[in-house]
Amino acid sequence: MSRFFLGAFGEPGHAFPMLALGARLVARGHEVTFETWSRWREDVEAAGMRFEPAPEYPLFGQAESASGKRFEMYETVVLGAGHTRQTVARLRPDVIVHDILTLAPALAGELEGVPAATLVPHLYPVGADGFPPYALGARLPRTRLGHGLWRAAGRGTEAGLRQGRSDLNGARAKLGLPPVARLHGGLSERLCLVGTFPQLEYPRRWPTGVHVVGPIMWEPPFAFVEPPPGDAPLVLVAPSTAQDPGHRLLRSALAGLGDLPIRVIATWNRRPLESGAKPPPVPRNTRLVEWVSYSKTMPSCAVVVCHAGHGTMARALATGCPVVAVPHSGDMAENAARADWAGVGVRLPWRFLGPATLRLAVQRALSEASLGARARELATWAADHDGAERAARLVEELARESSRPARTSSISFGAAAAAAGTSAAAGTS
């Protein structure tokens, strides 16, 4: 039995994959501690893990403490690392696994001499020669000229990564750690687990220690939601749990899909409409609910309409369901571009979203047989490749390697810097 310490901030797209990994490690007989936001305490403990509360700072921009003091992003990293270090020193885990946007556990582990692995719960954010900048939403070029243009553009976008490295090294200095030279130093060189489909990754030469394990999925338990009656194709409208506060995607779906010969389940994901906003009318072919179980609902769907958050998109593809991807922000544009490139979905840019355009996108997704066929290929792959199981075995291997006297764990960490042209995504634990 080994002892593992997991750390992820509390947004579902990052907490859920780590919870899935932790549950699998527990099932394999290990002692697991998960440091995350208090909202997930019951789920963590129900999965057999020890819960540790993490400092709950906003991920981007400035954070504010309970006393009203405001902190810049990397100040929260320093504070979080100090908090987490005490827990790591007390528990003495064999390995730390940290989310890509949760830097505090990695730094705490380095301070305490504990080896760490990185969990990337989405596409691999590090570019390669000729790739378009990550999160821009551009597809892989088809010609040598296109590769050359993106290669030139990449030299300009490195400025943001260098700034992120500089900011991080300032935080490292405050913790008494040496600077890092790598632009993506927040990714462990020993083990980086990429929780996505390899079919969504552009062809490349993978760095040593980076493993694309497949989607790592977990969801809160929830009862089955009965769809509207009939046998017409079922479409699920599954908005982001964090983006689109005005519910533009949901409103467009309710206004644009009611006259199609389909059935619709639409969820507002427990994110009410703005205060004072008039609820949109619900068509007769639609059921509007607060929440659904994706694992119970998606297998019956013909299409999933979403913001292209990775967790929702990966779950749909793992059930063989093509997507209509309407990216809102962050890395959603990248996810939508990969779905388009891989032939498993229809991409509808945010600026073009409206009832009419969404209706056309859903009609195309339903009518193009190749999209469903390709999505079913990914579902077959997922059934044969359990992402959580593969990730757990790799983490176990790191624990065994690190316990050997001849091996040392000298690991450098730095900024995650997932999005091109921005400083590193610092986050907290």
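Values quoted throughout were computed directly from the atomic coordinates according to the rules given, and no laboratory measurement underlies them. Every value quoted in this text rests on a predicted model; they were computed, and no experiment measured them. Glycine gets a Cβ as well: all are built from the backbone with ideal geometry, and neighbour counts include every protein chain shown.
Counting neighbouring beta carbons within 10 Å and listing from fewest to most, the residues V194, V305 come out as V194, V305. In plain terms, the chain from E397 to S166 could stretch by 79.9 nm, reckoned as 0.36 nm per residue minus the Cα-Cα distance. Entry note, the chain: relative contact order of 22 percent, from Cα contacts under 8 Å with a spacing of 6+ residues. A Förster radius of 51 Å, combined with the Cβ-Cβ distance separating E45 from T380, puts the computed FRET efficiency at roughly 0.90.
Modelled label positions at E158 and D231, each set 7 Å beyond Cα in the direction of Cβ, lie 6.1 nm from each other.
Which percent, to the nearest 5, of DSSP beta bridges fully inside the chain are antiparallel?
Numbers: 2 of 43 bridges.
Taking every DSSP beta bridge within the chain, about 5 percent pair in antiparallel fashion.
Taking the C-alpha atoms only, the angle from helix 73-91 to the longest principal axis of the chain is near 70 degrees. Both the radius of gyration and Dmax for the stretch 234-383 are 14.0, 46 Å, in that order, over alpha-carbon atoms. Each label point was placed 7 Å from the Cα along the Cα-to-Cβ direction; for E368 and W341 their separation is 1.6 nm. Fewest neighbouring Cβ atoms within 10 Å first, the residues D259, D244 line up as D259, D244. Computed from Cα positions, the angle between helix 332-342 and the longest principal axis of the chain comes to roughly 70 degrees.
Could you calculate the FRET efficiency of K296 with R142 from 1/(1 + (r/R0)^6), where r is the beta carbon distance between them and R0 is 45 Å, rounded to 0.05? Computed FRET efficiency for K296 and R142 comes out at 0.70. For the chain, the equivalent ellipsoid derived from the Cα gyration tensor has semi-axes of 36, 24, 22 Å, listed largest first. Here each label is just a point 7 Å from Cα along the line to Cβ, and for R151 and A181 those points are 2.4 nm apart.
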